[in-house]
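Here's the structure, in structure tokens; my notes come after.
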Amino acid sequence: MPFKNRITEMLGVDIPLVQAPMGWIARSQLASAVSNAGALGIIETSSGELDAVREEILKMRDLTDKPFGVNIAQAFVRDPNIVQFVIDQGVKFVTTSAGNPERYTKELKDAGLTVFHVVPSLDAALKAVDAGVDGLVVEGSEGGGFKNPRDVSTMVLLPLIRSKVDVPIIAAGGFLDGASMHAAFALGAEGIQMGTRMVSAAESPVHDNWKKAIVNAKETDTVFLNRAHSPALRALRTEKTTRLEFENDTNAMTEFGKATDLYFGGDMEASIALTGQVAGRIDSVRPVAEVIAEVKQQFFASLEQMSRQYS
Ligand SMILES: Cc1cc2nc3c(=O)[nH]c(=O)nc-3n(C[C@H](O)[C@H](O)[C@H](O)COP(=O)(O)O)c2cc1C
């Protein structure tokens, strides 16, 4: 059965599923596998390594003829020319996150790009819609990554925002299969974004130690850090993050260390492994295409089973 909704139309994809932007990780190896599987790969800029990002976008053109997007994580990219940089790469879809949607939306839209802004609250969603975005990524606090210290779960946030705005919504935070996608659609989303499932996919470039830690994690094995500071973050439970969990006087960012020593060196205490609660539902490392095909099959099976049972 084909998917057809505003997200598939706007993004030009077969499946309304987006791979999350993730510093150093969301590069061509992972993003091209996602795009080639009919979903949307995204290239990160939050590493701040724009020369490497440019190379990765060039590689994408060799690795796939399918659409892909770029993320501008505003708080992490200090280059004042970031918008022109993204426009120059010729991509058509951009998500903006971790910052004010008024800052870049008009310039990006004037250049013909489709702009979705990532929001963790209703106020942020209304502000983004006022700024003229084409859609929202609504991100609940169970997801991995940098977070609003005032955390709200996807289950509450998604239907709340849906009831107040008309633009299409991609739901993020806690998704990995067709049943969770079906739930998101019931709550008003037309697409889903996956971070933690993609970090632990076969094509993800991260060290096996991180993938294994996700596979072995229970649903209680993430911590929400830095509530007293900003940004807050959700990460895998390790010795370091367990210590930081209730140390309100310490800004966890001062102990972030060198991300790449953890990401690619495999030293799980060297930095902080941004990871969502959904790690508790992930029990193997699998190729992206297999995951995406299964999500699609499960989504339609779940729809059919529900309508049979309750009609
Ligand atoms: C390792 C990691 C890095 C992330 N980096 C970014 C980023 O650079 N920009 C961004 O908008 N979101 C980032 N996020 C958040 C994801 O985009 C996504 O919304 C989140 O992972 C969804 O929840 P899930 O982990 O339950 O799938 C990151 C998440 C992870 C796990």
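For region 260-292, enumerate the residues that are among the hydrophobic types (A, V, I, L, M, F, W, C), assigned to a helix (DSSP H, G or I) and under 15 Å from Ser180 (Cβ atoms). Reasoning before the result, please.
Step one: of region 260-292, the residues among the hydrophobic types (A, V, I, L, M, F, W, C) are 262, 264, 268, 270, 272-274, 278-279, 282, 285, 288-289, 291-292.
When the remaining residues are screened for being assigned to a helix (DSSP H, G or I), the result is 262, 278-279, 288-289, 291-292.
Result: Val278, Ala279, Val291, Ile292.
Name every residue in region 264-295 that is under 17 Å from the mean Cα position of the chain (by Cα), closer than 16 Å to Ala26 by Cα and not small (Gly, Ala, Ser), in order of residue number.
Listed by number, the residues that qualify are Leu274, Thr275, Val288.
Within region 193-209, does at least one residue satisfy the condition of being without any contact (Cβ under 8 Å) to a residue 40 or more places away in the chain, more than 12 Å from the ligand (Cβ to nearest atom) and of a type outside the set (Lys, Arg)? Even if it seems obvious, please write down each step before you answer.
Start the filter on region 193-209 by keeping residues that are without any contact (Cβ under 8 Å) to a residue 40 or more places away in the chain, which leaves none.
So far as region 193-209 goes, no, none of its residues is without any contact (Cβ under 8 Å) to a residue 40 or more places away in the chain, more than 12 Å from the ligand (Cβ to nearest atom) and of a type outside the set (Lys, Arg).
Going by the conditions given, is Ala131 surrounded by 18 or more Cβ atoms within 10 Å (Cβ to Cβ), more than 16 Å from the ligand (Cβ to nearest atom) and touching a residue at least 24 places away in the same chain (Cβ under 8 Å)? Before you say what the answer is, go through the steps one by one.
Numbers: surrounded by 18 or more Cβ atoms within 10 Å (Cβ to Cβ): yes; more than 16 Å from the ligand (Cβ to nearest atom): yes; touching a residue at least 24 places away in the same chain (Cβ under 8 Å): yes.
Yes: the conditions hold for Ala131.
Looking at the structure I just gave you, is Val156 β-branched (Val, Ile, Thr), over 16 Å from Ile72 (Cα atoms), surrounded by fewer than 20 Cβ atoms within 10 Å (Cβ to Cβ) and without any contact (Cβ under 8 Å) to a residue 40 or more places away in the chain?
Details: β-branched (Val, Ile, Thr): yes; over 16 Å from Ile72 (Cα atoms): yes; surrounded by fewer than 20 Cβ atoms within 10 Å (Cβ to Cβ): yes; without any contact (Cβ under 8 Å) to a residue 40 or more places away in the chain: yes.
So Val156 fits the description; yes.
Name the residues in region 183-241 that are hydroxyl-bearing (Ser, Thr, Tyr) and in contact with an Asp or Glu (Cβ under 7 Å, 6 or more places away or on another chain), would you? Show your work before the answer.
Of the residues in region 183-241, the ones hydroxyl-bearing (Ser, Thr, Tyr) are 196, 200, 204, 220, 222, 230, 238, 241.
Hit for region 183-241 is Thr238, nothing else.
Would you check if Thr64 is more than 13 Å from the chain's Cα centre (by Cα), at pLDDT 95 or above and over 21 Å from Val167 (Cβ atoms)?
Numbers: more than 13 Å from the chain's Cα centre (by Cα): yes; at pLDDT 95 or above: yes; over 21 Å from Val167 (Cβ atoms): yes.
For Thr64, the condition - more than 13 Å from the chain's Cα centre (by Cα), at pLDDT 95 or above and over 21 Å from Val167 (Cβ atoms) - is met.
Residues to consider are Ala31, Ala73; find the one that is modelled with pLDDT under 95 and touching an Asp or Glu at 6+ places or on another chain (Cβ under 9 Å). Write out each step before concluding.
On the way: Ala31 fails: modelled with pLDDT under 95.
Unique residue meeting the criteria: Ala73.
Give region 140-170 a look and list any residue that's of a type outside the set (D, E, K, R), part of a loop (DSSP other than H, G, I, E, B) and within 13 Å of the ligand (Cβ to nearest atom), or say none.
First pass over region 140-170, keeping only residues of a type outside the set (D, E, K, R): 140-141, 143-146, 148-149, 152-161, 163, 165, 167-170.
Next, from what is left, pick out any that are part of a loop (DSSP other than H, G, I, E, B): 140-141, 143-144, 148-149, 152-153, 163, 165, 167-168.
Those that are of a type outside the set (D, E, K, R), part of a loop (DSSP other than H, G, I, E, B) and within 13 Å of the ligand (Cβ to nearest atom): Gly140, Ser141, Gly143, Gly144, Asn148, Ser153.
Hey, could you check region 1-45 for residues that are in contact with a Gly (Cβ under 7 Å, 6 or more places away or on another chain) and without any contact (Cβ under 8 Å) to a residue 40 or more places away in the chain and say which is farthest from Ala172 (Cα to Cα)?
Ranking the qualifying residues of region 1-45, first place goes to Ser32.
Pairs only if they're at least six apart or on different chains, beta carbon under 6 angstrom, first in region 169-189 and at negative phi, second more than 9 Å from the ligand (Cβ to nearest atom) and of a type in the set (Lys, Arg); list them, first residue then second.
What qualifies is Leu176/Arg281.
Only residues in region 284-311 that are exposed (fewer than 13 other Cβ atoms within 10 Å of the Cβ) count as the first member; pair them with residues that are not in a helix (DSSP H, G or I), Cβ under 8 angstrom, at least 6 apart or cross-chain, and list the lot.
Sorted first by the residue in region 284-311, then by its partner, the list stays empty.
Collect the residues in region 240-295 that are within 21 Å of Ser230 (Cβ to Cβ) and hydrophobic (A, V, I, L, M, F, W, C), keeping them in residue-number order.
Those that are within 21 Å of Ser230 (Cβ to Cβ) and hydrophobic (A, V, I, L, M, F, W, C): Leu244, Phe246, Ala252, Met253, Phe256, Ala259, Ile272, Ala273, Leu274.
The values are calculated or read from the model by the stated rules, or taken from the named source; none is laboratory data. All values derive from a computational prediction rather than experimental measurement. Note that we place each Cβ from the backbone using ideal geometry, even for glycine, and neighbour counts take in every protein chain shown.
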